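Asks: Once you've had a glance at the structure underneath, I'll fire off some questions.
The values are calculated or read from the model by the stated rules, or taken from the named source; none is laboratory data. Just so it is clear, the model here is predicted, and its values are computed rather than measured. Counting neighbours? That spans all protein chains shown, and the Cβs are built from the backbone with ideal geometry, glycine included.
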Amino acid sequence: MTDAPMDAPMNAPLVSVSRLSKHYGGERRLIGGTVPLLKAVNNVSFDIAPGETLGLVGESGSGKSTTGRVLLQLEAPTDGDILYKGENITGLSKPALKSYRRDMQIIFQDPYASLNPRMTVGEFVAEPLDVHGLAGSRSERQDRVASLFSKVGLDPSFMKRYPHEFSGGQRQRVSIARAIALNPAFIVADEPITALDVSIQAQIVNLFQDLQDELGLTYLFIAHDLSMIRYLCHRVAVMLRGRIVEIGPCEAIFENPQHPYTRALLSAIPVPDPDIERNRRPIAFDVNANLPPEEAVLRPVGHGHFVLGV
Amino acid sequence: MAPLLEVRNLTVAFDTPSGTVHAVNDVSYSLEEGETLGIVGESGSGKSVHALSMVGLIASPPGRIVRGEVIFNGRNLLALSPRELFDLRGKEIGFVFQDPMTSLNPVLTIERQIAEPLRRHFGMSAGQARARVVELLELVGIPDAARRARQYPHEFSGGMRQRVMIAIGISCNPKLLIADEATTALDVTVQAQILDLVRDLKRKIGTTVIWITHDMGVVAGLADTVQVMYGGRIMERGPVRSVFRDPRSAYTWGLLKSLPHGGKRGVNRLYQIPGNPPDLTQEPVGDPFAPRNPFATERCLIETPPLLDAADSVPGHKIAAWYDLRAELARMEGRP
């Protein structure tokens, strides 16, 4: 097993994941037999440098969202370690995790399900400030929320409104305002643009970049839309059935993909150009016939570019 | 020859507690036999609702067809009785919906579900239907069809289920197949296979297709004609190459421009369409895209532009716009 692939880091990684696994099932049933074991995340290692965006791509069931959730300790890993600024935070107690929670936030896919319908959006954004006792006086709290609204491109006068009064793109802006309320260093964005209208996606993608430039945020950006990944990310990791099959700088993955699955995935993206699209020949890849063997490890094929192989 | 489908002034509204939702506003177009029409638009554009309302598939109330005619194969569908529509659906117009998980009945075998319309519409015997089911499953590329036909939906993967849905959609050799976001829920590699299958089926059986999607890439590869909808209206329509190469509606132009197009990080900012989708409970006045359109004129806000032939373009390229996008873009780029 090689260690976590490094992209010649200038500084120490902000987040370091090493041999992370999350298995479901496998327990004995009450009456005979065992629940089938699913290795949702299987021996995954990667680093994310401060200020970097790592894209995590894969199809449904590849384990990309589970990786994000386990990374933030929203679920306990079966095995492996998560280091944040060099500190091992795996399996810390809830109170011990609280200070890390301020630093690490998550943005979910569905802006319709992730907002509380009974709370004004202003209260929703202020809630993390209250939880961490950072709200200050009423007017300080109000000012802080107003400045967060401006930062994500929402009119602060919208604070008193309820989620149903907003469109999908505006709701996702509210979620982003809440996520940055505590000045986090690291954000896991789990398919944050998938549920949005096409005409709104570019707005949110630009917002992610602006906030990174302004606040120096580090992102784990989970998506299945590879064209947006290329636009947003410094590096990309491709997941297949719980394993990272290829990881490397964006350019290397898009210009010189090595794993057959990465090639198939890239070849399958529809191109909005009739002449190109009509002649595009997607590469077939039968996942079940090509499951990565357990003993396979990531091997270097280029500068910071690793491919799973035996 | 008369077109297979002619939609005239179709207007659909929903009466909801928060007001009347103007979902489809005065939509007119025609579709020739053998043509593949790609309808693009985002949520609230009216792309799905207009298709469902044509064949009596919107719940009424709250849905209401305000006016219009839908002439399919010489008959006005909006004047048919529920019984006549029931006979028509599946037989003359086939459907494939977005979610193959919820559109199949989990407790019936695949064979029962594909055979149902065959037995209902053609009175086939069980044996005849079984033979046809196997033939259809082979046609949509499901290996080991005879055995797979006796299995239940949960034994099929998402892509295989969508193939089954397409098999049901085409089972009665419909004249028209309407697919509503049929590949949206699928992984990209599976989507690529389904799109290949549809192209292949068109070659083999020549079905006329309406493919509804929000994905410009899917339309680019599949459609002969593209129809761009926004706020319940057709904004632009025409041969796929003309619309993609030479868009005349600011909405189409903005949509195409906001896609990453293989763009790399840090090279330039993604173009973004300003503003938010329209509030459909407002009485539709003017060009629905006007509030978000940097090129909108006074007139766009008060008067609805009709869908007319685009100047200096190919036949069939139509736009609904008061502004001249080409002139505006030339001015923006500082060209004379």
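Asks: Would you mind telling me which numbered condition in (1) touching a Gly at 6+ places or on another chain (Cβ under 8 Å); (2) assigned to a helix (DSSP H, G or I); (3) not assigned by TED's automatic domain parsing to the domain that holds B:V198 B:P117 fails?
Replies: (3)
Asks: Follow-up question, since we're still on this one. Please find, among B:L186, B:L197, the residue that is more than 30 Å from B:R8 (Cβ to Cβ) and at the interface with chain A (Cβ under 10 Å from one of its Cβ atoms).
Replies: Just a single option satisfies the conditions, and that option is B:L186.
Asks: Let me ask you something else. Where the second residue is surrounded by fewer than 22 Cβ atoms within 10 Å (Cβ to Cβ) and basic (K, R) and the first is touching a residue at least 12 places away in the same chain (Cβ under 8 Å) and lies in the range A:31-46, which pairs have Cβ atoms under 8 Å and are six or more apart or on separate chains?
Replies: From the range A:31-46, the pairs are A:K39/A:R241; A:N42/A:R241; A:N43/A:R19; A:V44/A:R19; A:S45/A:R19.
Residues checked against (1) more than 15 Å from B:E42 (Cβ to Cβ); (2) in the same structural domain as B:L307 (by TED's automatic domain parsing):
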residue: B:T189; (1), (2): yes, no
residue: B:K204; (1), (2): yes, no
residue: B:T213; (1), (2): no, no
residue: B:Y251; (1), (2): no, yes
residue: B:S258; (1), (2): no, yes
residue: B:R269; (1), (2): yes, yes
residue: B:Q272; (1), (2): no, yes
residue: B:N293; (1), (2): yes, yes
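Asks: Which of the strands (runs of 3 or more DSSP E) found entirely inside the range A:191-310 contain at least 1 residues meeting this: free of Cβ contacts under 8 Å to residues at least 60 places away in the same chain and either away from chain B (no Cβ under 11 Å) or crowded, with 17+ Cβ neighbours inside 10 Å (or both)?
Replies: Correct list: A:297-302, A:305-309.
Asks: Can you tell me which residue is nearest to B:N293 (Cα to Cα) among those in the range B:239-261 that are facing chain A (nearest Cβ under 7 Å) and assigned to a loop (DSSP other than H, G, I, E, B)?
Replies: The residue in question is B:L259.
Asks: Then there is this: Can you tell me which residues in the range B:214-237 are under 18 Å from B:P277 (Cα atoms), in contact with a helix residue (DSSP H, G or I) (Cβ under 6 Å, 6 or more places away or on another chain) and at pLDDT 95 or above?
Replies: If the condition is that a residue be under 18 Å from B:P277 (Cα atoms), in contact with a helix residue (DSSP H, G or I) (Cβ under 6 Å, 6 or more places away or on another chain) and at pLDDT 95 or above, then B:V228, B:M229, B:Y230, B:M235, B:E236 are the ones that fit.
Asks: Which one is surrounded by the fewest Cβ atoms within 10 Å (Cβ to Cβ) among residues in the range B:200-225 that are β-branched (V, I, T) and more than 9 Å from every other protein chain (Cβ to nearest Cβ)?
Replies: B:I205
Asks: On to the next question. Give the residue, chosen from B:Y230, B:Y271, that is in contact with a Ser or Thr (Cβ under 8 Å, 6 or more places away or on another chain), of a type in the set (F, W, Y) and surrounded by fewer than 22 Cβ atoms within 10 Å (Cβ to Cβ).
Replies: Just a single option satisfies the conditions, and that option is B:Y271.
Asks: Is it true that some residue in the range A:161-183 is closer than 12 Å to A:G55 by Cβ and more than 11 Å from chain B (Cβ to nearest Cβ)?
Replies: Taking the range A:161-183 and keeping what is closer than 12 Å to A:G55 by Cβ, we get none.
Scanning the range A:161-183, I find no residue that is closer than 12 Å to A:G55 by Cβ and more than 11 Å from chain B (Cβ to nearest Cβ), so the answer is no.
Asks: What do you reckon, is A:Q170 of a type outside the set (G, A, S) and crowded, with 21+ Cβ neighbours inside 10 Å?
Replies: Working: of a type outside the set (G, A, S): yes; crowded, with 21+ Cβ neighbours inside 10 Å: yes.
In short, yes.
Asks: If we scan the range A:68-76, do we find a residue that is away from every other protein chain (no Cβ under 14 Å) and in contact with a helix residue (DSSP H, G or I) (Cβ under 7 Å, 6 or more places away or on another chain)?
Replies: The first filter runs over the range A:68-76 and keeps only residues away from every other protein chain (no Cβ under 14 Å), leaving A:68-76.
Those left that are additionally in contact with a helix residue (DSSP H, G or I) (Cβ under 7 Å, 6 or more places away or on another chain): A:73, A:75.
Within the range A:68-76 (the criterion being away from every other protein chain (no Cβ under 14 Å) and in contact with a helix residue (DSSP H, G or I) (Cβ under 7 Å, 6 or more places away or on another chain)), the answer is yes, since at least one residue qualifies.
Asks: Between a residue in the range B:195-208 that is of a type in the set (K, R) and any residue that is in a helix (DSSP H, G or I), which pairs come within a Cβ distance under 7 Å, given they are 6 or more apart or on different chains?
Replies: Pairs that qualify, where the first residue is of a type in the set (K, R) and the partner is in a helix (DSSP H, G or I), are B:R199/B:L222.
Asks: Right, something else. Identify, from the list B:V107, B:V49, B:V27, B:V40, the residue that is under 27 Å from B:L186 (Cβ atoms) and touching a helix residue (DSSP H, G or I) at 6+ places or on another chain (Cβ under 6 Å).
Replies: Unique residue meeting the criteria: B:V40.
Asks: Looking at A:S60, A:S45, A:S16, which one is surrounded by fewer than 18 Cβ atoms within 10 Å (Cβ to Cβ), touching an Asp or Glu at 6+ places or on another chain (Cβ under 8 Å) and not in a helix (DSSP H, G or I)?
Replies: Only one candidate passes the filter, namely A:S60.
Asks: Please find, within the range B:26-67, the residue that is surrounded by the fewest Cβ atoms within 10 Å (Cβ to Cβ) out of those that are assigned to a helix (DSSP H, G or I) and of a type in the set (A, V, I, L, M).
Replies: If we filter the range B:26-67 for residues that are assigned to a helix (DSSP H, G or I), which is where we start, we get B:47-54.
Narrowing further to those that are of a type in the set (A, V, I, L, M): B:49, B:51-52, B:54.
Working: B:V49: 22, B:A51: 21, B:L52: 19, B:M54: 24.
Checking each candidate, the answer is B:L52.
Asks: Among (1) within 27 Å of B:R241 (Cβ to Cβ); (2) buried (at least 17 other Cβ atoms within 10 Å of the Cβ), where does B:A327 come up short?
Replies: Checking B:A327 against (1) within 27 Å of B:R241 (Cβ to Cβ); (2) buried (at least 17 other Cβ atoms within 10 Å of the Cβ), the one that fails is (2).
Asks: Within the range A:80-109, can you find the residues that are modelled with pLDDT under 95 and under 25 Å from A:E27 (Cα atoms)?
Replies: A:T90, A:G91, A:L92, A:S93
Asks: If you take the residues of the range B:129-147 that are surrounded by 20 or more Cβ atoms within 10 Å (Cβ to Cβ) and closer than 17 Å to B:L108 by Cα, which of them is farthest from the chain's Cα centre (by Cα)?
Replies: If we take residues in the range B:129-147 being surrounded by 20 or more Cβ atoms within 10 Å (Cβ to Cβ) and closer than 17 Å to B:L108 by Cα, then B:A129 is farthest from the chain's Cα centre (by Cα).
Asks: Check whether at least one residue in the range A:106-124 is more than 27 Å from the chain's Cα centre (by Cα) and in a loop (DSSP other than H, G, I, E, B), and report yes or no.
Replies: yes
Asks: Checking B:R299 against (1) over 23 Å from B:S43 (Cβ atoms); (2) more than 9 Å from chain A (Cβ to nearest Cβ); (3) in a loop (DSSP other than H, G, I, E, B), only one condition comes out false. Which one?
Replies: B:R299 satisfies all of (1) over 23 Å from B:S43 (Cβ atoms); (2) more than 9 Å from chain A (Cβ to nearest Cβ); (3) in a loop (DSSP other than H, G, I, E, B) except (3).
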